[in-house]
Each structure stands twice: as structure tokens, then as C-alpha cells.
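Input: a single structure, listed below in C-alpha cells.
The values are calculated or read from the model by the stated rules, or taken from the named source; none is laboratory data. These numbers come from a predicted model, not from an experiment. Glycine also receives a Cβ, built like all others from the backbone with ideal geometry; neighbour counts cover every protein chain displayed.
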Amino acid sequence: MNSQAILTQVKKTFSQLDCTGGGVIINKHGQTVLEEYFGVQGQQQDAKRIGPHTLFHLASVRKTYVGFAVAYAIYHNYIASIDDKLSDYLENEIVFADVSIRHLLTHTHGLRRQNEKVMKEFKAGYNWAYRDINVELLAKVIFKATGKTIAEIVDEQVFQPLSLTETNWFSEKNEQHIEVIHNDNPFWYESDLCDGSKMNMYSTLRELAKWGQVHLDKGRLHGKQIIPEEIIQLLTTIQSPNSKPKNLPTNGFFWFIQPQQREGVTELSPILPQGSFQLLGFTSVALLVIPKENIVAVRGFNSFGSPEGFDYIKDIHDFGSTVYQSIL
């Protein structure tokens, strides 16, 4: 494996972002073949070096856990179907008409929040737009269906059985938490809510890689089935509605999934094999799984948003391409 090529690509990204450090982990066939950290956890003069126990802000990569909570609810029949209507669980606002759980999971719901009101942007299932309102609504659906929050389900079904002791939603930070460099980005916010509905989720890169490995191994850890294989199948199978234009991204339960036919722009490098899946956060944290090659790749930084001129799509394509080409 060409580890140097991967390190060079990750450090190139580091040099282009407004961040103080980062890290990368590559697993192949369940073994860690590359683990490297560089830089410090913040802008303070005495900031700690980044290392295995540094807690990175996951941003949208947290949606892998939100998606799990939905799949858990479907698998255990709290939710009858991915095609259940939003109005079956929430107050039947006219704007929710025809919006299903499938639409929320695949960014095809057509809803957005504007001036504290939920507005219709397009007909559900016929377009694609990345809006965080889907997580907020799914959190309400999950609680209505199960009586539990996303965080409670994930703690019981994932954190405890997988011994993920450093991954969680946090209301307070400690010396392990990386400083997020957000430069007054209007999309940045912090929350005291730890119910799983907000973006205050942090993890180490090791535990993020472990979470990816469990997906690759279809719910098994050290040969033992921890998460039902059917749940992993739900999460990582394309769930986008057929009505969505083919040139728009394809998703599972939030995961971006490489389809057989590559058309249009997606976060996945076009050279990655069919069935590869990935999530990228606004902090440039990324989790990539390449089942065909038994690869899990994780990277982490502490920049929220992109500086002017930074092409995040090209950058995440370059990361995926470099990882794939380096392990062949």
C-alpha cells in the first residue's frame, strides 16, 4: 500500500483548510495499515497535540447514527415502512403532504426551514437538496414511534455493545475535544441538547473507523453479530426514489452510495467501485467504506466550512481516488 500518497493528499487538504491539525486511518481486511496524526487541537499556544483520543466534531458524519436509529425502528416494527408518510407520525401540516421517511433519508423531501417556518422547496421525490431539517423531523418521528430519542437508541444498540466509549453527543467539552475553527460561519451552532437531533457529536478517528468496519463486516465485531445484518443492509443499500433525476446523488440511510451508473456530481470519487459508501461532514471529516476491497478510510480536520476557492467536491474525490489507487 502506498501510505505516503495518502498522507500527502490528506496533508494537502490540511494546508488548504483553516484548521490546526488532522489525522487519517486506513483499515484493510480489518487491520489498521495506516494511522497518522498531525498538528494540534486548537489555536491556543499550549494546545495539545492531536492523537488517538482527540475528539473530532463529526458534523454530517453523525447522520450515520441517525440513519441507524431509523433502521432500528423499522427492523423492530416501530415504523412499518420506509415509505410511511411523515404525516403518519407528526401533525398533518399541508407542507408534509406526500413526504415519506424515504424522502427524508435520501435528501429528496423538498422541505426547508425559512424564518422559523417549514416551506416546500420542490415536490418530494423529484429533486435533491441537502437540508438539515430532515434530521430534526426524523428525530421527532423516531421519538413518536419508539418513545426513545436517537441518542438513547444509539447508546443501547451501538455504543454499549461495540464499546464505543469516546463517541457521543456532548453538551460540555473537555481537553479531548478539538477546537472547531468556524470563523463566524453562519451555519455553526452549539447545543446543550444531547438527544441526537443536533450536530454536537464528537468521536475519535479510531472509533469512527471501528463504526465503518462494523458496516463493512455486516454488523459483526470480532466475528460476533452485534447489529443485525438486515439493519446494515438497509443502511447501505440505495434507497433513493426512482422518480429522482439520475444525475443527482444516490443515498441509502443518509450514506452516499456509488451506483452502477455514475452520472452527475456526487461526493464519491467516480473511480470508486459500485457499492462503495461514504459520508462527509462540514468539518471535512469523512468516513469511506469500499466493500469490494475491504477498505475503511477515515480522515479528520477541525475546520468548519471551506475557505474561499476551496473545491470540497474535488478534494473529497481526490481523497477517495488516492485511497483506492494506493491499495490496489
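Return only the number of the condition from (1) out of contact with any Leu (no Cβ under 7 Å at 6 or more places or on another chain); (2) in contact (Cβ under 8 Å) with a residue 60 or more places away in the chain that Pro291 does not satisfy.
(1)
Any idea which of Ala124, Ala139 is under 24 Å from Glu267 (Cα atoms) and modelled with pLDDT of 95 or more? So that I can check it myself, show each step before the final result.
Values: Ala139 fails: under 24 Å from Glu267 (Cα atoms).
Unique residue meeting the criteria: Ala124.
How many residues are over 25 Å from Val323 (Cα atoms), among the aliphatic types (A, V, I, L, M) and touching a helix residue (DSSP H, G or I) at 6+ places or on another chain (Cβ under 7 Å) when one looks only at the range 31-84?
Result for the range 31-84: 8.
Pairs under 9 Å by beta carbon, first residue farther than 15 Å from Ala151 by Cα in the range 57-78, partner among the small types (Gly, Ala, Ser) and in a helix (DSSP H, G or I), six or more apart or different chains?
Filtered contacts from the range 57-78: Tyr78/Ala145.
Of the conditions (1) β-branched (Val, Ile, Thr); (2) more than 16 Å from the chain's Cα centre (by Cα); (3) buried (at least 18 other Cβ atoms within 10 Å of the Cβ), Val289 clears all except one; give me its number.
All conditions are met except number (2).
Could you list, in sequence order, the residues of the range 111-152 that are over 17 Å from the mean Cα position of the chain (by Cα), farther than 16 Å from Ala97 by Cα and in a helix (DSSP H, G or I)?
Listed by number, the residues that qualify are Lys140, Ile142, Phe143, Lys144, Ala145, Thr146, Glu152.
Just checking, which of Thr236, Thr283 is of a type in the set (Ser, Thr, Tyr), within 15 Å of Gly67 (Cα to Cα), modelled with pLDDT of 95 or more and buried (at least 16 other Cβ atoms within 10 Å of the Cβ)? Show your work before the answer.
Working: Thr283 fails: within 15 Å of Gly67 (Cα to Cα).
Selected residue: Thr236, the only one of Thr236, Thr283 that is of a type in the set (Ser, Thr, Tyr), within 15 Å of Gly67 (Cα to Cα), modelled with pLDDT of 95 or more and buried (at least 16 other Cβ atoms within 10 Å of the Cβ).
Which residue is farthest from Leu280 (Cα to Cα), if the candidates are limited to the range 79-112 and must be surrounded by 19 or more Cβ atoms within 10 Å (Cβ to Cβ) and in contact (Cβ under 8 Å) with a residue 60 or more places away in the chain?
Top of the filtered list is Ile79.
For Trp211, all conditions in the list (1) in contact with a Gly (Cβ under 7 Å, 6 or more places away or on another chain); (2) in a helix (DSSP H, G or I); (3) not small (Gly, Ala, Ser) hold save one; what is the number of the exception?
Of (1) in contact with a Gly (Cβ under 7 Å, 6 or more places away or on another chain); (2) in a helix (DSSP H, G or I); (3) not small (Gly, Ala, Ser), only one is false for Trp211: (1).
Just name the residue that is modelled with the lowest pLDDT out of those in the range 82-110 that are assigned to a helix (DSSP H, G or I) and over 25 Å from Leu234 (Cβ atoms).
First pass over the range 82-110, keeping only residues assigned to a helix (DSSP H, G or I): 86-88, 94-96, 101-105.
Next, from what is left, pick out any that are over 25 Å from Leu234 (Cβ atoms): 94-95.
Numbers: Ile94: 82, Val95: 88.
Per the stated criteria, the residue is Ile94.
One line per residue, one yes/no per condition, for (1) under 18 Å from Glu152 (Cα atoms); (2) crowded, with 17+ Cβ neighbours inside 10 Å; (3) modelled with pLDDT of 95 or more:
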site: Leu164; (1), (2), (3): yes, yes, yes
site: Asn168; (1), (2), (3): yes, yes, yes
site: Ser171; (1), (2), (3): yes, no, yes
site: Gln176; (1), (2), (3): no, no, yes
site: Glu190; (1), (2), (3): no, no, no
site: Asp195; (1), (2), (3): yes, no, yes
site: Glu207; (1), (2), (3): no, yes, yes
site: Trp211; (1), (2), (3): yes, yes, yes
site: Val214; (1), (2), (3): no, yes, yes
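So which residues in the range 241-275 are under 27 Å from Asn200 (Cα atoms) and touching a Ser or Thr at 6+ places or on another chain (Cβ under 9 Å)? Explain how you work it out, then say what you get.
Filtering the range 241-275 for residues under 27 Å from Asn200 (Cα atoms) gives 249-257, 266-268.
Selection gives Pro249, Thr250, Asn251, Gly252, Phe253, Phe254, Trp255, Phe256, Ile257, Thr266, Leu268.
Pairs please, first residue from the range 21-36 and basic (Lys, Arg), second anywhere and in a strand (DSSP E or B) and at pLDDT 95 or above, Cβ atoms under 6 Å, 6+ apart in sequence or on different chains.
Lys28/Ile295
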